[in-house]
């Protein structure tokens with residue numbers, strides 16, 4: 001496989017050369033706008049491509065396409081049509097690269113941050129600034145900070161996701177989820193500090209919280225990628241975040257607070273409060289433990305806290321109707337600090353880029369602008385949830401949407417995610433419990449100072465994923481002593497961390513100047 | 001038939017070992033089958049499945065009534081059947097002349113074939129060729145890519161070499177031309193090796209994910225492996241967005257897998273006897 005990828009790179013480089021040579025023809029793309037107004041009768045079918053799994057989406061776009069096109073007509077946007085190609089998983093990038101090298105990129109497509117940077121260099125995609133000026137709705141739904149991650153040399157090259165203004169649409173959703181019914185069984189209150197958390201976990205393990213007479217429960221469970229962020233948060237750091245220290249930013253994992261938190265985690269693991277199997281578990285095994293009422297607490301998203309939000313909570317609820325999962329507030333550490341990790345605002349959905357060869361992008365953006373329009377004449381609701389009355393109902397008083405048609409059937413009709421080319425986080429269809437959990441998570445957040453991906457991180461990909469995880473797991477499980485963590489910090493800097501930190505600071509300073 | 005204690009013991013141990021091995025091989029398949037008949041909640045609980053828990057046909061009901069699985073099924077069947085027949089034809093057509101001692105420049109031709117076994121064009125050049133041939137977004141792309149594999153040609157070549165040359169000579173005396181000899185005498189004698197190759201090629205085409213994924217864009221051209229991948233990945237995506245989807249629960253995934261296994265499972269036993277013979281014949285003489 002390695003050789004294949006090198007080949008890939010070579011050919012991509014070649015392709016970029018040809019693309020650069022073809023720049024002359026790209027230059028008339030904006031000119032086409034002027035002509036576009038004349039030739040509006042001619043219908044352009046835009047090719048969309050999304051990294052999404054929706055097996056039920058119909059080949060011809062379904063009834064949604066007819067409906068959307070007729071609504072567009074009414075809104076005065078003529079000569080527009082679309083065709084969606086769906087592909088999913090890691091191979092999506094392989095496919096995208098192939099399409100790029102063969103010069104057959106779709107007009108508007110999903111892309112990740114790393115590929116985006118490369119495509120910009122190779123001139124495969126075009127800046128959006130001119131078109132965005134004509135699209136006030138898009139500028140309204142996308143928060144200002146989201147544009148930072150898609151700006152190269154002062155130009156915007158991709159459309160990040162937007163969000164609705166309600167607080168429950170904030171990007172951070174992950175925190176500590178607890179079995180509230182177990183707490184009630186034991187007559188305990190929700191823990192607010194690390195000490196109380198310790199007591200609760202201890203009771204979960206030893207006091208038979210599910211009252212089945214068997215000693216079969218674990219406290220805090222996790223999986224092989226768990227990094228116990230709420231515990232680190234109680235010491236004021238998130239290991240993988242950039243945090244400001246004395247006018248500079250540093251990765252949380254090199255800060256002295258790490259060792260305090262590790263000492264605690266090691267102690268808890270030794271006491272049996274942390275699931276002993278966590279380093280070898282996948283998400284699936286973790287969810288099995290939740291569904292089987294074995295785990296009392298875990299790091300999870302707010303969607304776990306209501307049965308409609310997650311398949312595992314739904315199964316748990318069916319098997320054990322009295323069970324209740326609640327979101328805890330971030331525990332307070334010995335220094336009074338607390339916090340859950342901030343969610344990456346841009347990660348909610350893949351970025352969308354515009355091919356350099358896309359015909360008449362102005363018309364495309366007219367359409368995108370319409371899909372981001374939340375007014376009655378706009379398409380936002382139609383595209384996301386289908387037809388009002390048949391597919392969903394909207395209750396103005398509680399500002400909530402009730403889906404009549406479940407997602408799989410919405411896809412079948414051709415609505416929702418497969419055609420959301422502007423992704424707007426809209427959780428009005430989520431239950432109040434979930435909204436409440438999102439509120440709790442967002443109360444206390446630790447902010448990442450820099451979300452952009454750095455070239456050096458691409459050069460040294462193993463620093464966090466392999467090196468750090470090895471030390472984390474071995475220290476938490478007690479194989480190594482906490483003092484060994486100093487060795488990690490040394491290794492981290494020696495194996496490329498220095499370069500990463502340098503680039504991060506340069507970028508951070510340049511972004512903050514603005 | 002006296003058997004010493006030692007040999008009886010060996011045989012007992014041997015049997016136990018092989019039975020255990022067999023069970024180990026069978027269990028994953030059995031688990032999927034049990035999962036597919038279990039209720040959604042039980043399927044999510046995981047653990048050991050010796051029997052369906054909470055027996056229900058819901059999973060099958062929900063897939064069988066959807067049209068996308070039948071489209072995918074049809075496409076996969078088309079690729080597999082047409083692909084296998086054509087691949088066998090082209091492979092044997094390539095192998096027969098190469099097995100003849102009298103073919104001029106035989107070594108050159110054989111080394112051409114061997115060359116493709118070691119070096120390949122790579123993904124991107126192949127893609128560009130397919131694009132120029134206008135095969136992108138056509139089921140033929142997958143078929144054409146699997147028409148002739150060097151390995152199969154060599155197996156076939158070695159098998160044909162073991163056939164007595166006198167057969168052909170006598171046919172020639174009776175006035176048969178080489179083409180007739182090939183179709184009437186050689187091919188029927190090649191049945192064991194053809195069956196072996198057919199099975200390999202068919203399984204390969206039936207399971208082919210990557211080429212279908214890369215070359216086919218249209219929804220109406222989806223094949224089963226691609227569909228399976230979509231269903232499985234869909235579950236994860238839905239959980240992340242908090243948009244639980246009915247169609248991709250654990251038991252539905254299992255049911256889809258079972259359904260997609262059926263055709264190959266039903267062909268296998270009938271080809272098995274040729275299979276062993278064919279592989280052996282190819283390998284020993286190689």
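Some notes on this structure:
- Which listed residue is buried (at least 18 other Cβ atoms within 10 Å of the Cβ) and either more than 19 Å from residue A:425 (Cα to Cα) or not assigned by TED's automatic domain parsing to the domain that holds residue A:363 (or both), from A:85, A:104: A:85
- Test for residue A:109: is it in contact (Cβ under 8 Å) with a residue 12 or more places away in the chain, more than 30 Å from residue A:313 (Cα to Cα), surrounded by 21 or more Cβ atoms within 10 Å (Cβ to Cβ) and within 14 Å of chain B (Cβ to nearest Cβ): yes
- Residue in segment A:386-405 that is in a helix (DSSP H, G or I), within 14 Å of another protein chain (Cβ to nearest Cβ) and either in contact with a strand residue (DSSP E or B) (Cβ under 6 Å, 6 or more places away or on another chain) or surrounded by 20 or more Cβ atoms within 10 Å (Cβ to Cβ) (or both) present: no
- Only one of the listed residues (B:185, B:136, B:155) is at pLDDT below 90 and not in a helix (DSSP H, G or I). That residue is B:136.
Quick grid of which residues meet (1) part of a helix (DSSP H, G or I); (2) within 14 Å of chain B (Cβ to nearest Cβ):
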| site | (1), (2) |
| --- | --- |
| A:243 | no, no |
| A:265 | yes, no |
| A:276 | no, no |
| A:285 | yes, yes |
| A:288 | yes, yes |
| A:296 | no, no |
| A:323 | no, yes |
| A:326 | no, no |
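- Looking at B:38, B:92, just one residue is surrounded by 11 or more Cβ atoms within 10 Å (Cβ to Cβ), more than 13 Å from chain A (Cβ to nearest Cβ) and in contact (Cβ under 8 Å) with a residue 40 or more places away in the chain, and that residue is B:92.
- Test for residue A:54: is it surrounded by 12 or more Cβ atoms within 10 Å (Cβ to Cβ) and either facing another protein chain (nearest Cβ under 10 Å) or at pLDDT below 80 (or both): yes
- Criterion (in a helix (DSSP H, G or I) and surrounded by fewer than 19 Cβ atoms within 10 Å (Cβ to Cβ)) met by exactly one of A:189, A:214, A:259: A:259
- Matching residues, segment A:232-246, being within 14 Å of residue A:335 (Cβ to Cβ) and either surrounded by 22 or more Cβ atoms within 10 Å (Cβ to Cβ) or outside the structural domain of residue A:506 (by TED's automatic domain parsing) (or both): A:232, A:233, A:234, A:235, A:237
- Single condition residue B:232 does not satisfy, out of (1) more than 11 Å from every other protein chain (Cβ to nearest Cβ); (2) assigned to a helix (DSSP H, G or I): (1)
- Qualifying residue in segment B:254-263 (condition: within 14 Å of chain A (Cβ to nearest Cβ), in contact with a helix residue (DSSP H, G or I) (Cβ under 9 Å, 6 or more places away or on another chain) and at pLDDT below 80): no
- Checking each residue in segment A:355-385 for being more than 25 Å from the chain's Cα centre (by Cα), closer than 19 Å to residue A:422 by Cα, surrounded by fewer than 20 Cβ atoms within 10 Å (Cβ to Cβ) and in contact (Cβ under 8 Å) with a residue 24 or more places away in the chain picks out A:359, A:362, A:377, A:378.
- Residue in segment A:413-425 that is in contact (Cβ under 8 Å) with a residue 24 or more places away in the chain, surrounded by fewer than 19 Cβ atoms within 10 Å (Cβ to Cβ), farther than 30 Å from residue A:242 by Cβ and outside the structural domain of residue A:230 (by TED's automatic domain parsing) present: no
The values are calculated or read from the model by the stated rules, or taken from the named source; none is laboratory data. Please read all numbers here as calculations on a predicted model, not as lab measurements. Positions of Cβ are backbone-derived with ideal geometry, glycine not excepted, and every protein chain shown enters the neighbour counts.
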